[in-house]
1. Which condition from (1) at pLDDT 80 or above; (2) touching a helix residue (DSSP H, G or I) at 6+ places or on another chain (Cβ under 7 Å); (3) of a type in the set (Gly, Ala, Ser) is the one that Gly161 breaks?
2. Which residues, counting only those in region 116-133, are touching a residue at least 24 places away in the same chain (Cβ under 8 Å) and either under 20 Å from Asn157 (Cα atoms) or among the basic types (Lys, Arg) (or both)?
3. Scan region 104-115 for residues that are in contact with a helix residue (DSSP H, G or I) (Cβ under 7 Å, 6 or more places away or on another chain) and open to solvent by 30 Å² or more (accessible area, probe 1.4 Å) and jot them down.
4. Restricting attention to region 8-29, does a residue exist that is open to solvent by 100 Å² or more (accessible area, probe 1.4 Å), at pLDDT below 75 and on the phi < 0 side of the Ramachandran plot?
5. Taking the residues in region 136-157 that are charged (D, E, K, R) and surrounded by fewer than 22 Cβ atoms within 10 Å (Cβ to Cβ) as candidates, determine which candidate is nearest to Ala75 (Cα to Cα).
Amino acid sequence: MSDAHNEQQSAIKTPKQLLAAVAGFFLVTVIGIILLVQFVTAQKLTGAGTESQSPEAIAERLSPVANAGFTFKDASGPKVLQSGEAVYTATCVACHGAGVAGAPKFGDAGGWSARLAQGYDTVLKHAIEGLRAMPAKGGNPDLDDVEVARAVVYIANASGGKFKEPEVPAPAAAADGAGAPAQEATK
């Protein structure tokens, strides 16, 4: 066997070249690490928790949940009745907007003609009590019957009906302890 087959072909021929190559490798690695650290720490970090102890952040965490945009409703106060369009937009549009589960679409005179022919009272009864896939009051039990009636008139009239807006019942008169209406004293 000749020595030519056992010789390695390398750029590093002497120990001095080996030492220079190792030193160069470490120097390039250290410079790379330094540049990476500079890149990472050059900008102020804005990740979660960086401002967590500021007075504003603490005050926000301690503020009541009610301040986050929730509106409380006085259950004992008088109910403000919604318009037919508002009820439709909030409740009815989910099914009647796209015709879900066979619901007649809003504004589709052909789909509503058979229902409107049954009369206002029948259509209102079905809206309040529910019919087939439609739940009572469109699935919103908080609706007043007058609000449902307004929504029925709004939807029906947009689909070719000629129903009249329902009358709102007058609130009961306040009574004094004897059961007679309270009167204001005049001088």
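The values are calculated or read from the model by the stated rules, or taken from the named source; none is laboratory data. Just so it is clear, the model here is predicted, and its values are computed rather than measured. Note that we place each Cβ from the backbone using ideal geometry, even for glycine, and neighbour counts take in every protein chain shown. Quick note on the areas: whole protein, heavy atoms, side chains included, nothing else; ligands and nucleic acids left out. Shrake-Rupley method; radii C 1.70, N 1.55, O 1.52, S 1.80 Å.
1. Looking at each condition in turn, Gly161 falls short on (1).
2. Step one: of region 116-133, the residues touching a residue at least 24 places away in the same chain (Cβ under 8 Å) are 116, 120, 123-124, 127, 132-133.
Scanning region 116-133 gives Leu116, Tyr120, Val123, Leu124, Ala127, Arg132.
3. Lys105, Phe106, Gly107, Arg115
4. Of the residues in region 8-29, the ones open to solvent by 100 Å² or more (accessible area, probe 1.4 Å) are 8-9, 13, 15-16, 19, 25-28.
Then keep just the ones that are at pLDDT below 75; that gives 8.
Imposing the further condition that a residue be on the phi < 0 side of the Ramachandran plot reduces the set to 8.
Checking region 8-29: at least one residue is open to solvent by 100 Å² or more (accessible area, probe 1.4 Å), at pLDDT below 75 and on the phi < 0 side of the Ramachandran plot.
5. Start the filter on region 136-157 by keeping residues that are charged (D, E, K, R), which leaves 137, 142, 144-145, 147, 150.
After this cut, where a residue has to be surrounded by fewer than 22 Cβ atoms within 10 Å (Cβ to Cβ) as well, the list is 137, 142, 144-145.
Values: Lys137: 20, Asp142: 12, Asp144: 14, Asp145: 17 Å.
Looking at residues that are charged (D, E, K, R) and surrounded by fewer than 22 Cβ atoms within 10 Å (Cβ to Cβ), I get Asp142.
Yes/no per residue for (1) in contact with a helix residue (DSSP H, G or I) (Cβ under 8 Å, 6 or more places away or on another chain); (2) open to solvent by 80 Å² or more (accessible area, probe 1.4 Å); (3) aliphatic (A, V, I, L, M); (4) at pLDDT below 75:
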| residue | (1), (2), (3), (4) |
| --- | --- |
| Gln38 | no, yes, no, no |
| Gln53 | no, yes, no, no |
| Leu62 | no, yes, yes, no |
| Pro78 | no, yes, no, no |
| Val87 | yes, no, yes, no |
| Cys95 | yes, no, no, no |
| Gly99 | yes, no, no, no |
| Gly102 | no, no, no, no |
| Leu124 | yes, no, yes, no |
